[in-house]
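Laboratory data are not the source of any read-out in this text; all were calculated from the coordinates shown. Because the structure is a prediction, the values reported are computed rather than measured. Every residue, glycine among them, receives a Cβ derived from its backbone with ideal geometry; neighbour counts consider all protein chains shown.
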Amino acid sequence: MSTFAPGCAFLLFGIAFTARASAADTYSNVDVCQLMANPEQYDGKLITVRVKIDIGFEYFEMEASHCKGLAANPIWLEYARGLKQPTTWCCGDTRSRDPLAIKKDKSFREFDRYLRANHNGHAVYHVTATLSGRFDSAPAALCPDAKHLCPKDGGFGHFGGYAARMVIESASDVSAIRDRNF
């Protein structure tokens, strides 16, 4: 009986740990407007969101102009560990040291290729994709313009001006429409 009890306890611990890890790896499907309206609700959570991407020199964000009545700044996007960021921003080191790593499958490579296609700093494609990754938010307060929310003590992205970000782990269902100007 003494050899059975420790083995049984180990088995039960393993089952409990596996169940907890599975729950921690569950991605919630959310809408970009939900994220902007309640960023603290999703802080640190794994999410999946279908979104249009707005990218250019010193910005990489979720397009959310259809989210009416929200004062929040757009949500910054950032690649997880494993690939250079698709845009440049100030200040500091832009290499990801996040524990999340990019799943470099065919769909992600296609997503990345469309994002990096630019002409004189302007995106050549309008990209929409289903993104999965971790959502992070920082405490925010009303900006000096009294119209938007700004991070209180530093945020994410260009000059730390974003109160929320999504660290992208994977991309799927990628669609890209070439801009008529290019």
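A cut-off under 15 angstrom between Cβ atoms defines the neighbours of ALA163, and their net charge, with Lys, Arg +1 and Asp, Glu -1, is -4. Under the convention that each Lys and Arg Cβ holds +1 and each Asp and Glu Cβ holds -1, the size of the dipole of region 27-178 around its Cα centre is about 440 debye.
With K and R counted +1 and D and E -1, the other residues having a Cβ less than 10 Å from that of SER132 yield a net charge of +1.
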